[in-house]
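Inspection log for the structure reproduced underneath, given as structure tokens.
The values are calculated or read from the model by the stated rules, or taken from the named source; none is laboratory data. Keep in mind the model is a prediction, meaning the values are calculated, not measured. Methodologically, a virtual Cβ is constructed for each residue, glycine included, from the backbone with ideal geometry; neighbour enumeration extends over all protein chains shown. Keep in mind that these areas ignore ligands, DNA and RNA; they rest on the heavy atoms of the full protein, side chains included. Shrake-Rupley method; radii C 1.70, N 1.55, O 1.52, S 1.80 Å.
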Number of protein chains: 2
Amino acid sequence: MEGELKPMNAEQLRECGHRMVDFIADYYKDIENFPVLSQVQPGYLRQLLPGSAPVHPDTLEDVLDDMQRKILPGVTHWQSPNFFAYYPSNSSVAGFLGEMLSAGINMVGFSWITSPAATELEMIVLDWLAKALNLPDDFLSTGRGGGVIQGTASEAVLVVLLAARDKVLRKIGKDAIGKLVVYSSDQTHSALQKACQIAGIHPDNCRVLKTDSSTDYALSPESLSEAITHDLAIGLVPFFLCATVGSTSSTAVDPLLALGKITKDRSALIQSLSTNPEFLKNNASEKNVVVDYKDWQIPLGRRFRSLKLWMVLRLYGLENLQAYIRNHIKLARDFEKLVAQDSRFEIVAPRKFSLVCFRLLSPQSDEDCANKLNRDLLDAANSTGKIYISHTVLSNKYTLRFAVGAPLTEERHVVDAWKVLQVEASNLLRTL
Amino acid sequence: MEGELKPMNAEQLRECGHRMVDFIADYYKDIENFPVLSQVQPGYLRQLLPGSAPVHPDTLEDVLDDMQRKILPGVTHWQSPNFFAYYPSNSSVAGFLGEMLSAGINMVGFSWITSPAATELEMIVLDWLAKALNLPDDFLSTGRGGGVIQGTASEAVLVVLLAARDKVLRKIGKDAIGKLVVYSSDQTHSALQKACQIAGIHPDNCRVLKTDSSTDYALSPESLSEAITHDLAIGLVPFFLCATVGSTSSTAVDPLLALGKITKDRSALIQSLSTNPEFLKNNASEKNVVVDYKDWQIPLGRRFRSLKLWMVLRLYGLENLQAYIRNHIKLARDFEKLVAQDSRFEIVAPRKFSLVCFRLLSPQSDEDCANKLNRDLLDAANSTGKIYISHTVLSNKYTLRFAVGAPLTEERHVVDAWKVLQVEASNLLRTL
């Protein structure tokens, strides 16, 4: 490149951008050659990097060389076809292009005026998504609903909790915050517990209702009803239930219809989260003819988030996206069949989507031994670097989770992953 | 491109990525040709786009064509050299490359194990940053401090408020949340008000202390001390002061040393925000030898955030970054001189960094007329599409803000912006 890198320069961006595209494309070409789960030790990187930032510029090639030799060995490769842990965080060609475009335009869309297209495209593509999911019309922006892309699922849980909290406190007074009660099951994601901590809900008032295999770990409407009756009797104020479609541990599905009605009204959210400082006032907002997404979320600032979803929906189309999800579910079903054919293993919870919960049976009847055996199997399989899986505990049983969903995963990866688990299981059983 | 776009494919990513780099480089080449502030009307985009997502894929060229013809007219161009509104949200070649790389690797770094390099690089580059800013050693990760990149400044304000709230509630009991008092000035960013709403601080207990031009809109330690004394006397519990270095309205600087001591201890933050669900447990976290950034922030998920800062620090080097900031301050000083030379205008607050607060003087002495005149000047200047500035109110005076900081801004842009303001001021004064 000619001369030093400027803060911004179209031709330097072009040249360096092309170089970076090649680096990333090469990363995907090689991705199966890395251990899926990084095998580095805590603190490995500090020894490899200088103690302070350089005074004078390094070159892009220097940085990419460090990326390859020092950083990538410390990366756990979520996009590897052999990543079966947690839930997938899918990359895609279209999604990557959307991220590039959003980073390139680099605007901050807190109010409509700060980039009208960012707000309007988000409203439109979330209506597209609601229609693609066959949600009732109440969810569309044309009614009292409307969508917003939150930064994370945790923030989505938090903002609805805040909307519900403030709606009830407007009725009964702010001093009653200590009386508010939240309900969930023992399968609900920890994001709810964190949201309650943040929102100042008294920890004694967070009801975690027990589930078991009799309902496939779904919340029972009867136990909810009992808990609410009891809380009302002692003068507390039930105000929030978190139900789950596809829990993290085992994809349990709570019976939404039996649990109660959802209100679908954006105004509670906006009343809870809006601020209106002088330095953000503008004609369009004051005339109340536009959406200002700053009032639908925790942060003020926000990216041009909708570009990514827009490009994914357009560049793949709904039919291909449906086929993509169905293929992952089919691959999980294949894995489930493989587990079922090996009598040394058991399926712990019924497979509903693309997650299989299973465990190795212990020759000893002792539950502690069985749990240790499965923990050892997890560690042994992940230490090979060939696959990465994670775990949960269901009814006190340490349970392995095999979640299919990485964009490069094919049938052969699932078959090979099962072989790794079988080999490591045989090794462990031999040492017992 | 050969065949349909696959979910992920190295060679398709390469081909499409190169195309997108060219689109973005061309955008920067043309950026001065767009109106800085988008001139579209509310709802413009819905008429231009279909009502639902396509069933079959569109091509990348279709999407880029829509981007150019339908989306870009609705974009307010924060990276334009003629953007002087709010505060800058700087793009840069290096920052763009960091975003690309982060989107390419696309991992989720909530716990150390989920990508050790993401956590470790963030700790290292934030130590680099602390050293570059000459912060005391207490702020480094090697002591009880350590940095974290929050999603937004609003989240940074919220998490320290939560840490302070929970620290005091651990002493005095959770039931005392209604007694907690927060202090700030009337210049403090609205992010604090929103954080208080979220954290369940009683709105009656948020003290907004008045400032005026006698302290250049900085918070006075005496008025803080008086307020605290009063609150203690009536049995309330003061627990949080938000001081500001460079307020949003006028870059006012609160006197940090006179206002009190900071505690610099990450443990209060982690105690407030940690959760430990079974499905995220792992050996490294349980041995307590690693940092899990999920416990330092609101969300669970997080990107490989440090890559961007790492690339900016390395590809520019500290000396160039210092020169870059100093140049923006110099350009603001140039603008301030231009304003001072035109007796029709006044400087409203002293310029400290790269923001100039100024207003057009009204021939009438009526304050309402003067405010209307400046509001009209703002609208007139922004409607030209040649520049974008924003406003605030200081001591009841409607005040124009000229914030220098976009990466492409040069002296000529500042000079031309001043000419636009002079021409529009002359037009307005002529009609009075």
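Points worth noting:
- A simple spin-label model places pseudo-atoms 7 Å from Cα toward Cβ; at B:GLU367 and B:ARG326 they are separated by 4.1 nm.
- Comparing mean-square fluctuations of A:GLY246, A:GLY173, A:GLY385 from a GNM of chain A with C-alpha springs under 10 Å, the top value falls on A:GLY173.
- Using only side-chain charges placed at the Cβ, +1 for Lys and Arg and -1 for Asp and Glu, the dipole size of region A:311-431 relative to its Cα centre rounds to 280 debye.
- Under the span-like rule (Cα at least 20 Å along the axis, Kyte-Doolittle mean at least -0.5), DSSP H helices of chain B: B:116-132, B:153-172, B:306-340, B:411-431
- Gained length - A:ASP376 relative to A:ARG430, 0.36 nm times residue gap less alpha-carbon distance: 18.1 nm
- Calculated FRET efficiency for the pair A:SER213/B:SER214, C-beta based, R₀ 56 Å, to 0.05: 0.20
- Counted over region B:101-310, the DSSP beta bridges are approximately 10% antiparallel.
- DSSP loop trypsin sites (Lys or Arg not before Pro) with at most 16 other Cβ within 10 Å excluded, longest remaining stretch of chain A: A:47-143
- Estimated inter-spin distance, B:ASP22 and A:ASN288, nm [label 7 Å along Cα→Cβ]: 5.0
- Estimated FRET transfer efficiency (A:ALA176, B:LYS264; beta-carbon r; R0 41 Å; 0.05): 0.70
- Within the straight-line cut-off of under 14 Å between alpha carbons, the aspartates and glutamates reachable from B:LYS6 are A:GLU319, A:GLU410, B:GLU15, B:ASP58, sequence neighbours fewer than 8 places apart in one chain being disregarded.
- Using a probe radius of 1.4 angstrom, the carbon and sulfur fraction of the accessible surface of region B:101-310 is 56%.
- Ignoring lysines fewer than eight residues from B:LYS337 along the same chain, the ones with Cα atoms less than 22 angstrom from its Cα are B:LYS352, B:LYS386, B:LYS397, B:LYS419.
- Note on B:150-159: average number of Cβ atoms from other chains within 10 Å of each residue's Cβ is 4.
- Accessible area of the protein assembly as shown divided out per residue, in Å², using a probe of 1.4 angstrom: 41
- Subset of A:LYS308/B:LYS372; A:LYS171/B:LYS174; A:LYS287/B:LYS167 violating a 32 Å alpha-carbon distance limit: A:LYS308/B:LYS372; A:LYS287/B:LYS167
- Chain B: translational diffusion in µm²/s, Stokes-Einstein, Kirkwood Rh over Cα pairs, 37 °C, 0.692 mPa s: 131
- Debye equation applied to the C-alpha atoms of region A:292-432, log10 I(q)/I(0) at 0.11, 0.12, 0.16, 0.19 Å⁻¹: -0.54, -0.61, -0.85, -1.06
- Remark: the protein assembly as shown carries a charge dipole of roughly 1340 debye about the Cα centre, counting +1 on each Lys and Arg Cβ and -1 on each Asp and Glu Cβ.
- A simple rule links phi to the HN-Hα coupling: the Karplus curve 6.51 cos²θ - 1.76 cosθ + 1.60 with θ = phi - 60°, which for region B:246-262 gives x, 5, 5, 5, 9, 6, 5, 10, 5, x, 3, 5, 6, 8, x, 8, 9 Hz, with x for Gly and Pro.
- Gyration tensor verdict on region B:43-135 (Cα atoms; rounded if a/c is under 1.5, prolate if a/b is larger than b/c, oblate otherwise): oblate
- Nm distances between copies for B:ILE262, ranked from closest, using label points 7 Å along Cα→Cβ: 4.2
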